[in-house]
Each structure stands twice: as C-alpha cells, then as structure tokens.
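Worksheet for the structure shown next.
The values are calculated or read from the model by the stated rules, or taken from the named source; none is laboratory data. What you see is a predicted model; the values in this text were computed from it and never measured. Heads up, the Cβs are rebuilt from the backbone with ideal geometry, glycines too, and the neighbour counts pull from every protein chain shown. Calculation scope for accessible area: heavy atoms of the full protein, side chains included, ligands and nucleic acids excluded. Shrake-Rupley method; radii C 1.70, N 1.55, O 1.52, S 1.80 Å.
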Amino acid sequence: MSRALVIVDFQNDFTPGGALAVPHGDEIADRINALAASGDYDLVVATRDWHPTDHSSFAEQGGPWPVHCVADTPGAQLHPALDQGPIDVIVDKGQAVDTDGYSGFAGTDLEAILRERGITQVTVVGLATDYCVKNTALDALRAGFQVTVDTAAVRGVEVEAGDSERALAEVRAAGGVMA
C-alpha cells in the first residue's frame, strides 16, 4: 500500500494574523512537520488556495469570505513554520473565479498525481477542518482512496460552534478513519 500525506492549505491567510485566520491554526505546524519527515509516506503533497482577485467566494463578489489567498500574494504562501523540504508536489486550487476551491481534488490534477504514484491511502491534515480538510477527505473517499484524518494536525474555522466535529463525523460516516 502506497501512502500520501496531503497537507491542506497551511497558508499565511489561514493562520493567526491572516485575512481568514483559523483559531490556533499555526499550532499544527509541529505535528505536520513530524508526519512529513516521518518516512511513512511515499508522497507528500501540499494544497494551496490560489485565488484570482475577483474570486466568487470573496464578500465583495457576493461570497461568504473576506479576500484571502490571492495568487502570488504573501497571504497565499505556505506558512513559514511548515518545513517545505519533504513536500514533493504543491497543488493550487480555487483558481477558477466561479469555483469554491474547498477540495484539493476539485479542478486540480491531485487525483492523477496520486494515481501516477500508485497511492492507495491518504492522510489528510491542515486547514480548515470544517471546509477544505473535510471536502478534500470526502473527495478522496469518493475517488476510492483509503482516508485517515490526523485530528492532531487539523484545526477548524468554526463559523458555528461544533462545525469541526460535524465535519469529522461526516468524513467518518463516509468511511474515513480518525487518528
């Protein structure tokens, strides 16, 4: 069984001080770095929100979120606490103006990359549990991958109290494993 670590959106805009900060989002850096350096994975992938300036998710375009992760801006860069040495591939998502970009699989070549490498199992970590982590994990399950979410290496935005727990329950109900 070939395994991949998928690090979802561990970016400046999603960590404290960022445009769409996930509370305590920076606190998962050590766990993610330990997983990436562990040698347990045949492939380490990082996804990034990489939005155009007029992305439909932005409030000024009628969407629910403040402007965040605009391509090539400091906020869109991977967080400096993330050791990028073990990362094999960076996949940019949410590049089309009219897609939410919540899943690392939507509108990207992530599935093809995983299949080309013979990956059968993915461990999903990153930000935010209740949006991009959840949707990436669910799409991985739909694509036939075995999915584990490392709950020590995720944090949620929690628009409504309990959103993260509900997201993890949804992934579990779809066949995902929590570690």
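Listed here are the residues, each with its yes/no results for (1) touching a helix residue (DSSP H, G or I) at 6+ places or on another chain (Cβ under 8 Å); (2) open to solvent by 40 Å² or more (accessible area, probe 1.4 Å); (3) modelled with pLDDT of 95 or more; (4) at positive phi.
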site: THR53; (1), (2), (3), (4): no, yes, yes, no
site: VAL67; (1), (2), (3), (4): yes, yes, yes, no
site: ALA71; (1), (2), (3), (4): no, no, yes, no
site: PRO74; (1), (2), (3), (4): yes, yes, yes, no
site: VAL91; (1), (2), (3), (4): yes, no, yes, no
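Based on this model, can you work out whether VAL147 counts as under 20 Å from VAL177 (Cβ atoms), β-branched (Val, Ile, Thr) and open to solvent by less than 10 Å² (accessible area, probe 1.4 Å)? Spelling it out, VAL147 is indeed under 20 Å from VAL177 (Cβ atoms), β-branched (Val, Ile, Thr) and open to solvent by less than 10 Å² (accessible area, probe 1.4 Å).
In region 153-179, the residues that are exposed (fewer than 14 other Cβ atoms within 10 Å of the Cβ) form no Cβ pair under 6 Å with any partner that is assigned to a loop (DSSP other than H, G, I, E, B) and polar (S, T, N, Q), whether six or more places apart or across chains. Is it the case that region 122-134 has a residue that's open to solvent by 40 Å² or more (accessible area, probe 1.4 Å) and among the β-branched types (Val, Ile, Thr)? Among the residues of region 122-134, not one is open to solvent by 40 Å² or more (accessible area, probe 1.4 Å) and among the β-branched types (Val, Ile, Thr), which makes the answer no. Candidates are the residues of region 1-45 that are in a helix (DSSP H, G or I) and open to solvent by 70 Å² or more (accessible area, probe 1.4 Å); the one that is farthest from PRO80 (Cα to Cα) is ALA37. Would you check if there is a residue in region 28-40 being under 21 Å from GLN121 (Cβ atoms) and among the hydroxyl-bearing types (Ser, Thr, Tyr)? Yes, there is a match, as at least one residue in region 28-40 is under 21 Å from GLN121 (Cβ atoms) and among the hydroxyl-bearing types (Ser, Thr, Tyr). Against the conditions (1) at pLDDT 95 or above; (2) surrounded by fewer than 17 Cβ atoms within 10 Å (Cβ to Cβ), THR99 satisfies every one except (1). Given the criteria of a type outside the set (Ser, Thr, Tyr) and crowded, with 19+ Cβ neighbours inside 10 Å, does LEU110 qualify? So LEU110 fits the description; yes.
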